[in-house]
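Some notes on the structure that comes next.
What follows is calculated from the coordinates using simple rules that are stated; it is not laboratory data. Everything numeric in this text was worked out from a predicted model, so none of it was measured. When we count neighbours, we look across all protein chains shown, and the Cβ atoms used for this are built from the backbone with ideal geometry, even at glycine.
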Amino acid sequence: WRLVLFRGRCVADYASAVRTLFLTFTKGTRAYAHCGDYKENCPRDVLRAVSAMAGVAEAGARIYAQCHLPEGFDIGAQPPNFTAIREPLCSQESGSMVKMMGLAGSFLTDATGSCVGTRFAGTRCGASVFRTLAALAALIEIWSNMHLTCEVRKLWFLCGRDQRFTAETLRVLILAVTTAALNCGLDPKSDQWSATSPVAMPRFFTFPW
């Protein structure tokens, strides 16, 4: 089982490096745009989408490490809290993967508008739906981790942090649902401009926990 865990973590670390690299490119693109006459939206959205895709691979490797047990593995021979810790970790990584998939979809949808130079309601509608999916998955991710920090390990500082992240995620969820409701009601086949601006995502949305 430890070999499975180490292999999963190894792949996750490689994917994490790729994810962080493309996030760095995103910041570099923004700096270049601020220092010169350059529009950053298109390359920024594409780079953020690629970074989120690497995050999907990272979360998938973590799922393999936390959720997969080799054939013949004896759970009874493990410490008493083995299952109590492993199950919420598995749930957390599953939520992380869906969150990163929703994030990648939202940034790709943003790119379809920013790279063409339009802000049509249909584009904003699709991006908001993906952001809603990402926020729902983030709640699963956070609440699974909260079960560990508040119930199992009783790490009160981290427990409070998770509650704050829950509040931030609920805010994103409410904004994403409202944005979808306002934009998805407009005619996507016409040249109607979007009714709202994109929903900003907190930093902890850009990586799997």
Under a plain spin-label model, where a point goes 7 Å from the Cα along Cα-to-Cβ, how far apart in nm are CYS35 and CYS67? 4.3 nm
Using the alpha-carbon centroid of each, what span in Å lies between the stretch 83-115 and the stretch 4-38? 16 Å
Long-range tail of P(r) for the stretch 2-206 (Cα pairs > 22 Å, %): 56 percent
Which helices, taking whole DSSP H runs in the chain, have alpha carbons extending 30 angstrom or more along the helix axis plus mean Kyte-Doolittle at least 0.5? 121-146, 156-184
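Just add up the charged neighbours of LEU47: K/R +1, D/E -1, any other residue whose Cβ is under 15 Å from the Cβ of LEU47.
On the way: positive: ARG19, LYS27, ARG30, LYS39, ARG44, ARG48; negative: GLU40, ASP45, ASP110.
Net charge around LEU47: +3.
State the extension gain, in nm to one decimal, for the chain segment bounded by ARG86 and TRP193, taking 0.36 nm per residue of separation less the distance between their alpha-carbons. Could the numbers behind the result be given before it?
On the way: separation 107, 0.36 × 107 = 38.52 nm, distance 4.72 nm.
Length gained between ARG86 and TRP193: 33.8 nm.
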Among 12-24, 151-163, how do they line up by average Cβ neighbours within 10 Å per residue, starting with the highest? 12-24, 151-163
